[in-house]
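Notes for the one structure printed next.
Every number in this text was worked out from the coordinates using simple rules, so none of it is lab data. Here the structure is a predicted model, which is why all the values come from computation and not from measurement. Cβ sites come from the backbone with ideal geometry, for glycine too, and all protein chains shown count toward neighbours.
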Amino acid sequence: MAAVNEAPHMMTDAAGITAELRRGGSGAPLLVIHGEFGVPGWLESFAQLAEHYDVIVPSLPGYGRSTRPDWIMDVHDLAAWVTWFARDLDLRTPANVIGCSLGGWVVAEIATVAPQFFNKLVLVGAMGIKPERGEIFDYFLEGGLTGLRRAFLRPEQSSEFMRYWGKEWTAEEADLIEQHREMTCRIAWKPYMHSLTLPHLLPGVITPTLLVWGREDAITPLECGEIYQHAIPHSRLTIIENCGHMPEIEKPAEFAHLVENFLAG
Amino acid sequence: MTRKFFFFSEMGYNAYPVEAFEKYGYSALLFPNSIFDPEKARDLWQMFLREHEYASEMGFDGSVCNEHHNNVLSMQESVNISAAVISQRIKGTIALIGNPLPIHDNPVRVAEEIAMLDLISSGRIISGFVRGTGIEQLSTNANPAYNRERFEEAFALIKKAWTVPGPFRWEGKHYHLRVVNPWQLPLQKPHPPIWAAGILSPETIRWAAKQRITYLVLGSALDATATCRDIYHEVAREDGWAPTSGHLGYLIHTCVMDTDDEAYDMGRHHYGGASVIGRSGGVAQSALSSGTGSAGAAGGGPHPEWMAPPGYMSKQAKTSNMARERRMSEGSYDAALRAGLIVTGSPKTIIQKFKHIIDRTDPGYLTFWAREGKKPHDATMRGIELLGKEVIPALREHPSALVTGKEVTPWPQ
């Protein structure tokens, strides 16, 4: 089957908000929860996965064009919202779920309380865990572009970085970057990008979990992936070489291939 | 009301080595405190407090103090401590501009401290409240995305603590207090005058007008200040009331010396980056070449994020005409002078300039930011003397053209 290069892009009233949703492909549902940079478009990795799966990519409240209810103030609120959204969408569960970076933290929180939600889980450069040696890069001490560039090992060599962020931003694009930074600030300011309870709850996760980390992740240290791997019983950590914080964008083919193998296995 | 004239000094740590600016390119937040020298700071404190005292002796109506964190701009990490000390050194009013409310997790503590100040000073306190700069949010880990919500909720809580008999309970969005029942209450009733101070955020100006409290414009260009007054009056008109001059304060960099030339040269200390609020790059460079103070330093630099962390500033505030007017005046020392960000001159010249400023903005509280940067102590004292003895008496009864309808006093050539 050919890659699904375009996907329906719609606004839908669900889970108490008007949510932006991209959805393409057919097969078993595969829910993708994005990270702190939102969903820039229908990514190459989504297109590849859509050859075998019904890839469902909502923008979380406050990201993209999804509206922002003021009651959402932390990651647990987002986690609850995701499960509500899935119900409103009649998503067949247990489902396969990918969570990237901040979205990885969101779905890890769901996994600690609602194992019935998941068939298999993929966490990519996931936030949520405080590293013991290094630190999670602090986006809020730097500008939007600095953080974005740092999320890639070689931004100029990533066709999708260049497509979405590598040119001079329009006023609307700059506003969207700031909107995402603000929303992330609202939910993950303190403690910064991690939970004090999550590490203690992860040993109770029963979902088979694939952890994917870029070797050169300069945002969420690889050490966080190792901590996740030690904490979650049925997990394995796969490292993508020559790759930064966002393998789903910097190494789309390799990433999609890994996920496909894991879900099929 | 009769116009009041106050003295202001950031009381900044001006003993930094200039090379450190070159090395780091900024002077706040991450500027390492290994550069700080406590013995120099001790001496600076004595000098600064003497300047406040002298302003009072020379006829100023009061002193203004404020608060910043992690910043050479100001050594006042607690405005309430500054006010407590100054209240024992001067005769007049002490205006706090002010307590940065969002950085506090217990606003009742602020209500208690202001009440203490009001009692200790026999009712000489003006209690300003501010949102704090972006750097304050980063320094104190106050979530910038909730800055305005926290400001407004803390304000409401403090006002209630002062005016509604306790005990009561407060269960808000950001503040949760089992018992609100501060034992000491302010001497002034119903509470000390409340000001809001800002650098021209339109939302804050509108909010202040809605609350009918004095808005103090902090060190901004003349045109922008006039626009601020217009917005305030427009909101008041919509709400059916007429502000007085007492609803506007204007804090302005002022350097008066015996001659225009001396004042022009000395005024450079008000310009540049010595006490820049976290800015850097070109600003720091201009400080090295041009001056040592903070006027003209409101934009640019590699870390504007520190001044506007995510959610701290609305899109409207970032793109407003006033923001643009402010930026336009940030080019050079001479541009800052032309924009009225810094006012310099001999007493004769500066009296005419301030008559022009009063004619265009009619501030009930005119605050001279008369010590800044590395300006020498003796020059500062001479400036305070000239302001107190010659300038203030000449301006005190000058009615604004906004009130009289007469022609605006021309700006001296």
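With bins 5 Å wide starting at 0, give me the P(r) of the stretch A:19-108 over every alpha carbon pair, in whole percents.
3, 14, 27, 28, 19, 7, 2, 0
Tell me which of B:Ala84, A:Trp105, A:Ser59 sits at the most positive position along the dipole axis of the protein assembly as shown, charges placed on C-beta atoms (Lys, Arg +1; Asp, Glu -1).
Among B:Ala84, A:Trp105, A:Ser59, the one farthest towards the positive end of the dipole of the protein assembly as shown is B:Ala84.
Taking Cα centroids, how far is the stretch B:225-261 from the stretch B:157-208 in Å?
24
Report Rg/Rh for the stretch B:333-413, rounded to two decimals, where Rg is the Cα radius of gyration and Rh the Kirkwood radius.
Here Rg/Rh amounts to 0.97.
According to the square roots a ≥ b ≥ c of the eigenvalues of the Cα gyration tensor, what is the shape class of the stretch B:76-230, taking rounded for a/c under 1.5, prolate for a/b larger than b/c otherwise, and oblate for the remainder?
Details: a/c = 1.55, a/b = 1.15, b/c = 1.35.
Oblate shape, in that a/c is at least 1.5 and b/c is the bigger or equal ratio.
To two decimal places, what compactness ratio does the stretch B:152-244 give when its Cα radius of gyration is scaled by 2.2 N^0.38 Å?
Details: Rg = 15.9 Å, N = 93, 2.2 N^0.38 = 12.3 Å.
In units of the globular-protein estimate, the stretch B:152-244 measures up at 1.29.
Could you work out the relative contact order of chain B? I mean the mean sequence separation of Cα pairs under 8 Å and 6+ apart, divided by the number of residues, in percent.
Across chain B, relative contact order equals 20 percent.
Go ahead and run the numbers for FRET between A:Glu168 and B:Asp334, Cβ-Cβ distance against an R0 of 41 Å, rounding to 0.05.
Details: r = 32 Å, r/R0 = 0.78.
Taking R0 as 41 Å, the efficiency between A:Glu168 and B:Asp334 is 0.80.
Sequence gap at least 6, Cα distance under 8 Å: using those rules, report the relative contact order of the stretch B:1-111 to the nearest whole percent.
With pairs under 8 Å counted, the relative contact order is 30 percent.
Kindly state, to the nearest 0.05, the FRET efficiency for A:Arg92 paired with B:Ala156, given R0 = 51 Å and r defined as their beta-carbon distance.
Given R0 = 51 Å and the Cβ-Cβ separation, E is 0.60.
Modelling each spin label as a point 7 Å along the Cα-to-Cβ direction, I'd like the B:Gln352/B:Val85 distance in nm, to one decimal.
Going by the 7 Å Cα→Cβ label model, 4.0 nm.
So how strong a dipole does the protein assembly as shown carry about its Cα centre when Lys and Arg Cβ are +1 and Asp and Glu Cβ are -1, to the nearest 20 debye? Provide the component values of the computation, followed by the final result.
Numbers: 63 positive and 78 negative charges, 331 e Å.
Taking the Cα centre of the protein assembly as shown as origin, the dipole is about 1600 debye.
Based on the alpha-carbon gyration tensor of chain B and its eigenvalue square roots a ≥ b ≥ c, which shape applies: rounded if a/c is under 1.5, prolate if not and a/b is larger than b/c, or oblate?
rounded
Shape call for the stretch B:101-164 from the C-alpha gyration tensor, a ≥ b ≥ c root eigenvalues: rounded (a/c under 1.5), prolate (a/b greater than b/c) or oblate?
Prolate, because a/c is 1.5 or more and a/b exceeds b/c.
As a check on your grasp of the helix formula, calculate [θ] at 222 nm for chain A: sum -39500 (n - 2.57) over DSSP H runs of n ≥ 4, divide by the residue count, round to the nearest 500.
For chain A, the value works out to -10000 deg cm²/dmol.
Under 5 Å between amide H atoms, partner at least 5 residues away or on a different chain: which partners does A:Asn119 have, H built in plane at 1.01 Å?
A:Ala95, A:Asn96, A:Val97
How large is the translational diffusion coefficient of the protein assembly as shown in µm² per second when you combine the Kirkwood radius over alpha carbon pairs with Stokes-Einstein at 10 °C and 1.306 mPa s? Mind dumping the intermediate values first?
On the way: Rh = 27.3 Å.
D = 58 µm²/s.
Using label points projected 7 Å from each Cα along Cα→Cβ, tell me how many nm separate B:Ser314 and A:His9, to one decimal.
My value for the distance between the label points is 2.9 nm.
Sort the following peptides by mean Cβ neighbour count (other Cβ atoms within 10 Å, averaged over residues), highest first: A:172-183, B:396-407, A:66-77, B:333-344.
The packing order, highest mean first, is B:333-344, A:172-183, A:66-77, B:396-407.
For the stretch A:9-264, what's the radius of gyration and Dmax over Cα atoms, in angstrom?
16.4, 46
From Cα pairs below 8 angstrom and at least 6 apart in sequence, can you work out the relative contact order of chain A, rounded to a whole percent? If you can, show how the numbers build up before the last one.
Details: 539 pairs, mean separation 53.3, N = 265.
Answer for chain A is 20 percent.
Using only DSSP helix segments of four residues or longer, with each worth -39500 (n - 2.57), what per-residue ellipticity at 222 nm results for chain B after dividing by its residue count and rounding to 500? Intermediate values should be presented prior to the final figure.
Details: 18 runs with 174 residues, N = 413.
Mean residue ellipticity at 222 nm (helix-derived): -12000 deg cm²/dmol.
Going highest first, how would you order A:233-243, B:102-112 by mean Cβ packing within 10 Å? Working shown, then result.
Numbers: A:233-243: 16.1, B:102-112: 20.2.
Highest to lowest by the protection proxy: B:102-112, A:233-243.
Please report, in debye to the nearest 20, how large the charge dipole of chain B is about its Cα centre when each Lys and Arg carries +1 at its beta carbon and each Asp and Glu carries -1 there.
With Lys and Arg at +1 and Asp and Glu at -1, about 920 debye.
Using a Förster distance of 60 angstrom, determine the FRET efficiency expected from the C-beta separation of A:Val113 and B:Arg382, and round it to 0.05.
0.30
Among B:169-180, B:121-132, B:371-382, what's the highest-first ranking by average C-beta atoms within 10 angstrom per residue? It would help to have the intermediate numbers written out before the result.
Numbers: B:169-180: 13.8, B:121-132: 23.8, B:371-382: 18.9.
Ranked from most to least packed, the peptides come out as B:121-132, B:371-382, B:169-180.
For the stretch A:69-142, treating each Cα as an identical point scatterer without solvent, what Debye log10 I(q)/I(0) comes out at q = 0.17, 0.21, 0.26 1/Å?
-0.70, -0.96, -1.27
How many percent of Cα pairs in the stretch A:72-205 exceed 24 Å?
Of all Cα-Cα pairs in the stretch A:72-205, 38 percent lie more than 24 Å apart.
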